[in-house]
Amino acid sequence: LNRVTQQALRSYVPSGEPVSGGASPERAPGLGRGVYLDRLGPGQSKYYSVDVPAGHTAYVTASAVLPLRVHERVWIRRFASDGSSCGRSQDTKRNAEVVGAVHHTWDVEDDPGEARPCDAPGRYVLQVERDGQGNEAQAPDDSPLELLVGLEPPLSGDPGEQGVPEVTFTDPGGAPRPVVGGGSF
């Protein structure tokens, strides 16, 4: 039990491919599927872009290791390729008042001819913002920012009248063995 407890209580350590977010939408570096690592200071915004093909669903999660401050949050805003504002993520979810994580998801239409700018395939700009409303007695500092980008393709094929085939359970065999769960994302 001691080993499991120590494993579960370890600190969250952000990781990913280093990236430097742009200071404006025009300077937003392009991100593909993957995990990226940047730094974000109080009151700072950085911009990133993601190309989303027709029919795909895009997922972006921003996780920041924030100092213990009062009311400090991280937000994601999304802009279409024509500059239209496509909304903002909901409030930051916090883990033990240290890790702020926010998630933003959107679908892109299959038919680009009929899609509105915020539903059309193409390049989207993401603004990740740290509001910086915290304990002003603490010196401002940059915090690690982990960005997770996912692009889910549309379903392929038409199951038709038959529907989806039922999957039956197959016993993997062998003796059960213990495992230790992770203490981080």
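Tell me which residues come under 5 Å, amide H to amide H, from His56 once H is placed; ignore anything under 5 positions away on its chain.
When sequence neighbours closer than 5 places are left aside, the close amide H contacts are Val108.
Given H placed on each backbone N at 1.01 Å, which residues far from Ser143 in sequence or on other chains put an amide H within less than 5 Å of it?
Amide H neighbours of Ser143, under 5 Å, 5+ apart: Leu40, Gly41.
Counting Lys +1, Arg +1, Asp -1, Glu -1, what net charge surrounds Val125 among other residues with beta carbon under 14 Å of its beta carbon? Could you put the intermediate results ahead of the total?
Details: positive: Arg27, Lys46, Arg77, Arg78, Arg88, Arg123; negative: Glu26, Asp51, Asp82, Glu129.
Charge balance near Val125 sits at +2.
What is the local net charge at His104, summed over the other residues whose Cβ is closer than 10 Å to its Cβ (Lys, Arg +1; Asp, Glu -1)?
Net of charged neighbours comes to +3.
Work out from phi, with θ = phi - 60° and the Karplus expression 6.51 cos²θ - 1.76 cosθ + 1.60, the ³J(HN,Hα) of each residue of segment 47-52, listed in order in whole Hz, and give x for Gly and Pro.
10, 9, 10, 9, 8, 10
Ranked highest first by average number of other Cβ atoms within 10 Å, how do 74-87, 15-28, 44-57, 166-179 line up?
44-57, 74-87, 15-28, 166-179
Amide H neighbours of Leu31 under 5 Å, at least 5 residues apart or on other chains, H built in the peptide plane: list them.
Answer set, sorted by chain and number: Ser49, Val50, Asp51.
No lab work stands behind these numbers, since they all come straight from the coordinates. Keep in mind that this is a model prediction, so the values were computed, not measured. Here Cβ is always computed from backbone atoms with ideal geometry, including for glycine, and neighbour counts include all displayed protein chains.
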